[in-house]
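Input: a single structure, listed below in structure tokens.
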Amino acid sequence: MVDYKRKRLLFVLFAFLRLIRIGNLLIMAFTQYLTAVFLIGPKSDWVKFLKNPELFLLVFSSCMIAGAGYIINDYYDVKIDAINKPHKMVIDRIIRRREAILLHFLFSFFGILMATVVSYKIGLVTLLAAVLLWYYSNDMKRRAFSGNLAVAALTGLAVIVVALLYHQNYFLVSVYAIFSIIISIIREIIKDMEDLKGDQTFGCKTLPIILGVRKTKLIVYAFALILVIYNFYVAYELNSNVFKGLAYFLTLFAALFSYYLYQADTKKSYSELSFSCKIILLFGVLSMIWV
């Protein structure tokens, strides 16, 4: 009996970690610490950043708000996810809907509280992010492009908020924030193509539904080109070999990405393209180390 309860507890725990996308949260925390150490700097004071309680609270707060966003998103998407990704569903199968709402409230409350302890300005930004995540899950994600833009903006905000804490190096931090925003827009549109069947069934108005997959792909090609041009511009402005190397690498990535996007016509192929965007975002974050 005890062994069964232990297994059940572990099963629910792993389901909860899957619900809050623990992997994504760890990457966010890693990104924010890299931003502080390598973009705010100096790099030689890396131990100081690791010991800074305000930075820890900020990172933990960001993860709580993002986790709350994932929970409420899955809460509103129960019926759609039953079609798009039934094997990944947690709410209504392992965690009850009322428990999910309680978890969302607790994550949001403590996330905003911790951010406010750091700074009332950061607390207000965090409150805005929490409200936007709720509104996105409840309404915006079912509209063409506005939902994509909202998620992308929040991705960039996770980097910007570190500069708000230290009040310096806004330009360099903004460079990475814009990079994250463009990549996130591409990924979100790809995900809309991946989830076309379920979204269409429940009356969502995403770009692939309104414009069709072919025209939506043209929009993705445009953003891939913008990403390449942006990185070459930054490399020129900063005269940075790191950004030059990243720009050439992204040119190759954009070419391969566009080729595979042109051929993509299955849920699996779109899922692979979405995952490749996450890898590129991770490579971009890691480039902070050499800036």
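When the C-alpha to C-alpha distance is required to be over 23 Å, the pairs from K79/K141; K244/K278; K88/K141; K7/K278 that qualify are K7/K278.
Report summary: the helix-based calculation at 222 nm, which adds -39500 (n - 2.57) for every DSSP H run with n ≥ 4 and divides by the residues of the chain, gives -27000 deg cm²/dmol. In terms of other Cβ atoms within 10 Å, V59, V12, V175 run from fewest to most in the order V12, V175, V59.
Gain on full extension, evaluated as 0.36 nm per residue between F202 and F249 minus their Cα-Cα distance, stands at 13.0 nm. Which FRET efficiency value, to the nearest 0.05, do you get for D92 and R6 by plugging their Cβ-Cβ distance into 1/(1 + (r/R0)^6) with R0 = 25 Å? Once the sixth-power term is evaluated, E becomes 0.55.
Among M288, M64, a tally of other beta-carbon atoms within 10 Å of each Cβ gives an order, fewest to most, of M288, M64. In the frame of its principal axes, region 16-134 has Cα extents of 50, 27, 19 Å, reported largest first.
Across region 115-126, computed HN-Hα scalar couplings (Karplus, 6.51 cos²θ - 1.76 cosθ + 1.60, θ = phi - 60°) run 5, 5, 4, 5, 6, 5, 5, 5, x, 5, 4, 5 Hz from first to last residue, x flagging Gly and Pro. Note on S44, S258: ascending count of other Cβ atoms within 10 Å places them as S44, S258, the fewest first.
Express the Stokes-Einstein translational diffusion coefficient of the chain in µm² s⁻¹, to the nearest whole number, given a Kirkwood radius over alpha-carbon pairs, 10 °C and a viscosity of 1.306 mPa s. Reported coefficient: 79 µm²/s.
Test of understanding: in a Gaussian network model of the chain with alpha carbons linked when under 10 Å, which of N52, N138, N231 would top the mean-square fluctuation ranking? Of N52, N138, N231, the Gaussian network model singles out N52 as fluctuating most. Determine, from the Cβ-Cβ distance of K43 and L128 and an R0 of 45 Å, the FRET efficiency 1/(1 + (r/R0)^6), rounded to the nearest 0.05. According to the calculation, E is roughly 0.90. Charges were assigned to the Cβ only: +1 to each Lys and Arg, -1 to each Asp and Glu. The resulting dipole of the chain about its Cα centre is roughly 720 debye.
Each Lys or Arg adds one and each Asp or Glu takes one away; over the other residues whose Cβ falls under 15 Å from the Cβ of L164, this sums to 0. Residue separation of L26 and V78 scaled by 0.36 nm, minus their Cα-Cα distance, works out to 16.2 nm of gained length. Couplings for region 30-45, taken from phi via the Karplus curve 6.51 cos²θ - 1.76 cosθ + 1.60 with θ = phi - 60°, read 4, 4, 5, 5, 4, 4, 5, 6, 9, 9, 7, x, x, 4, 5, 9 Hz in order; Gly and Pro are left as x.
No value in this document is a laboratory result; all are computed from the given coordinates. The structure displayed is predicted, hence computed values, not measured ones. We place every Cβ from the backbone using ideal geometry, glycine too, and count neighbours over all the protein chains shown.
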